[in-house]
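Colleague: First, the structure itself, so that you have it in front of you.
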Amino acid sequence: MRRLIIIIAAVFLATVLIPAVLYLRCGKYEKPVPEKEDTISVYIKAEDRVCEMSKSQYLKEVVSAEMPASFEKEALKAQAVAARSYLEARRDAYKVSGTPDVHKGAEICTDSTHCKAWIAESERRSLWGADADKNWEKISQAVDETADEILSYDGEVISAVFHSTSSGKTESSKDVWGGERPYLVSVDSPGDKVSPKFKSSKEISLEEFKKIARENIDGVDFSKELVGETLRSDAGGILTVSVGGVKIKGTKLRSIYGLRSTNVAINIQNDMVSFDVTGYGHGVGMSQYGANYLASEGKSYDEILKTYYTGVEIAKTGM
């Protein structure tokens, strides 16, 4: 009888009293929703429609699009946590500002220039061929094994941006976008040197170089100079450069000339302009190829994440 009374008391405590206390203390009690049950609305740009799907499904399709399935398991798990953190940071921000018009009312979109890349089942099966099921299982495990895990700094979920390949050292958010975030500072990433995307080059005629500049930069005057003073970050990316006597940001130079990164050396010779580029992407946050290198060296996903995002902790959503 006594044992029965104890069991009943325990059930009452777990199902009634604790929620009631939390309600009184916090104003509202909300039981955390498991990731597989948490649904989000996604604007699928290629199909111009809004679709409801589980957060788990969305993240698996983001990881499938953002990182090669051939990468190490721990790198894929790091990518899953970074993608989940980015998603939750966006959702939190949109609760305050409202969702952008380009989302057509959805919480997130599949436009990689605005949110993150995403790939539908038909497309990934076509891309992966005979390895489709094996790759999907590997990525699914990476997402499921890190379910509900996000990166936090000072108790808030971070905007865990990432890129393909750094120049051997990541860029700080302050240098690239102007917004200083203590967890997005420059760190060493030596493994990027083995990335197939570490070096690239591009060559155009001097006339084409001038034409592009005139179309995109107000006030250029090539009678003064072609390319002048260049200011670089500690990681080597161009912060500002003078083109035709006009100072522009390195991000603009990268954009108008279609370069892989802002870490570029410009050489002009014999009426030709060559761009020698190091790295691929904006360079801020986690380097994906760097993460894969660290995983191949035996680093766990949490060690990888804490390498690229300074001072962060791994927390759980909804807790």
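The values are calculated or read from the model by the stated rules, or taken from the named source; none is laboratory data. Given the structure is predicted, the values throughout are model-derived calculations rather than measurements. Heads up, the Cβs are rebuilt from the backbone with ideal geometry, glycines too, and the neighbour counts pull from every protein chain shown.
Condition check ((1) under 18 Å from Thr170 (Cβ atoms); (2) among the aliphatic types (A, V, I, L, M)) across all residues:
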{"site": "Ser201", "(1), (2)": "no, no"}
{"site": "Lys210", "(1), (2)": "no, no"}
{"site": "Ala213", "(1), (2)": "no, yes"}
{"site": "Asp218", "(1), (2)": "no, no"}
{"site": "Asp221", "(1), (2)": "no, no"}
{"site": "Lys224", "(1), (2)": "no, no"}
{"site": "Thr230", "(1), (2)": "no, no"}
{"site": "Gly236", "(1), (2)": "yes, no"}
{"site": "Val241", "(1), (2)": "no, yes"}
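Colleague: Okay, moving on. Can you confirm whether Glu145 is at pLDDT 95 or above and out of contact with any Ser or Thr (no Cβ under 9 Å at 6 or more places or on another chain)?
Modeller: Criteria met by Glu145.
Colleague: For segment 107-116, name all the residues that are in a loop (DSSP other than H, G, I, E, B) and either in contact with a Lys or Arg (Cβ under 9 Å, 6 or more places away or on another chain) or crowded, with 21+ Cβ neighbours inside 10 Å (or both).
Modeller: Glu107, Thr110, Asp111, His114, Cys115, Lys116
Colleague: Something else: Six or more apart or on different chains, Cβ under 9 Å: which pairs go from a residue in segment 153-167 that's over 18 Å from Thr317 (Cβ atoms) to one that's at pLDDT below 95 and outside any loop (DSSP other than H, G, I, E, B)? Could you list them?
Modeller: Note: pairs meeting the criteria are Val161/Tyr86; Phe162/Tyr86.
Colleague: Only residues that are assigned to a helix (DSSP H, G or I) and within 18 Å of Lys197 (Cβ to Cβ): list them for segment 256-279, please.
Modeller: Tyr257
Table: residues versus (1) in a loop (DSSP other than H, G, I, E, B); (2) out of contact with any Gly (no Cβ under 6 Å at 6 or more places or on another chain); (3) surrounded by 14 or more Cβ atoms within 10 Å (Cβ to Cβ).
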| residue | (1), (2), (3) |
| --- | --- |
| Val176 | no, yes, yes |
| Arg181 | yes, yes, yes |
| Lys197 | yes, yes, yes |
| Glu208 | no, yes, no |
| Ala213 | no, no, yes |
| Lys224 | yes, no, no |
| Glu229 | no, yes, no |
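Colleague: For segment 283-297, check the following and say yes or no: at least one residue is without any contact (Cβ under 8 Å) to a residue 24 or more places away in the chain, in a loop (DSSP other than H, G, I, E, B) and more than 16 Å from the chain's Cα centre (by Cα).
Modeller: No.
Colleague: Shifting gears a bit: Residues of segment 156-174 being in a loop (DSSP other than H, G, I, E, B) and over 24 Å from Cys115 (Cβ atoms), which ones?
Modeller: Within segment 156-174, the first condition is being in a loop (DSSP other than H, G, I, E, B), and the residues that meet it are 158-161, 164, 166-168, 170, 172.
Those that are in a loop (DSSP other than H, G, I, E, B) and over 24 Å from Cys115 (Cβ atoms): Ser167, Gly168.
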